[in-house]
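K.L.:
Can you keep this structure in mind? I'll have questions shortly.
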Amino acid sequence: KAICEHREFQTFQHYFKRINLSIMVNTYALKKTLLHLTTPYFILNGLVALLHPFTRFTPGICDLLFDQCQLDYYEIEIYFFVICVVAIKNRRCVSIESYLSTLFMFAKAGSCLLFYKADMKVAGWYLLLCIVLLVLVRTPAFEESSEMKYFVDDSLKEQLKGDPNTTWIVEFYTAFSPHCNAVKPIFGALSREYTHTLMKFGKCDVLRSKGVCEEYGISTSTIKAELPAIVVFEGGKAVRVVKQTVNGQTYVMSHKNLLRDLGIQELYDKALERAKTKPQDKKRK
């Protein structure tokens, strides 16, 4: 009975540590996201996207640019059209950053059209402002683990063969895919949170590693749209795979879904346990 109670206590303690670690990781990710949204890119693009409604409802400015300070039927149609397009485009959005980027793009396009209806010169100045913003304010680079490794050609196979004790989580991507760019902050956040000496993250450029993609059953065809694909390697072999599209159905690569379906938390716990037992094995030898 005492042994059973001790085991139950150890099990409870283990799950409590995992829950506590999960809360800490989620809080850290939330802080990183909020900090990311305070960069000049999101602040300035948000202000420019809201410039038309701001001028439309601000007394004084509205009187200079428009005949009346109320939305007419045509403007209401444009606003609803932009809302519908953004909702459709972002129905499978995986991060708030990509959602806001799409929102800003269509909001600025709609504002440009509405300014053109009111005054062609104002529309020209607004379009120039958008172009200057596009050139001078770049999309912020997403942080990833400093130990993130990039693979090309057969370097992935060589790494797996030379280091079979390390668990590798590798994203197969292409730089020109909007889906791959949308998953970039998610995969970068996972690499920062879960990189360990016995569990590492990497990226493989499919355009420079087509032979490797074929070996692991990942199609680079734009018709199948399987990219990005994330593969878990244990003992040098692929054990789990998630793809953007499987049999015509789109997979939502959110932070929560990848943690669950790739079993990243369990893999991380195993890596910690193996790191503890390694010194003991060396002492025995």
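K.L.:
Sorted by mean Cβ packing within 10 Å, highest first, what order do the peptides 76-84, 265-273 take?
P.N.:
Final packing ranking: 265-273, 76-84.
K.L.:
Compute the signed sum of charges (Lys and Arg +1, Asp and Glu -1) over the other residues within less than 15 Å, Cβ to Cβ, of Ile76.
P.N.:
-1
K.L.:
Separate question: Of the accessible area of region 65-125, with the probe set at 1.4 angstrom, what percent is carbon plus sulfur?
P.N.:
About 66 percent, which is the carbon plus sulfur part of the accessible surface.
K.L.:
Could you check the spin-label model distance between Phe54 and Met148? Points 7 Å from the Cα along Cα→Cβ, value in nm.
P.N.:
The modelled label-to-label distance comes out at 3.2 nm.
K.L.:
Heavy atoms only, probe 1.4 Å: what % of the accessible area of region 157-285 goes to carbon and sulfur, would you let me know?
P.N.:
So the carbon and sulfur contribution to the accessible surface is 51 percent.
K.L.:
Looking only at Cα atoms, what is the convex hull volume of region 141-230 per residue, in Å³?
P.N.:
For region 141-230, the hull spanned by Cα atoms encloses 89 Å³ per residue.
K.L.:
Please pull out the direction-averaged projected area of region 213-281, using the convex hull of its alpha-carbon atoms, in nm² to one decimal place.
P.N.:
5.6
K.L.:
At 0.36 nm per residue, and after removing the present C-alpha to C-alpha distance, how many nm does the segment from Leu128 to Ala87 gain when stretched out fully?
P.N.:
12.1 nm is the gain from fully extending Leu128 to Ala87.
K.L.:
Set the Förster distance to 51 Å, then compute FRET efficiency between Glu77 and Lys276 from the Cβ-Cβ distance, nearest 0.05.
P.N.:
0.20
K.L.:
Let me ask something else about it. Report the trypsin sites (Lys or Arg not before Pro) located in region 73-141 that are in a DSSP loop and have at most 11 other Cβ atoms inside 10 Å of their Cβ, or state none.
P.N.:
When the trypsin sites (Lys or Arg not before Pro) of region 73-141 are filtered for loop state and at most 11 Cβ neighbours within 10 Å, Arg91, Arg138 remain.
The values are calculated or read from the model by the stated rules, or taken from the named source; none is laboratory data. Bear in mind the structure is a predicted one, so any value in this text is a computation, not a measurement. We place every Cβ from the backbone using ideal geometry, glycine too, and count neighbours over all the protein chains shown. We work out accessible area using only protein heavy atoms, side chains counted, and drop any ligands, DNA or RNA first. Shrake-Rupley method; radii C 1.70, N 1.55, O 1.52, S 1.80 Å.
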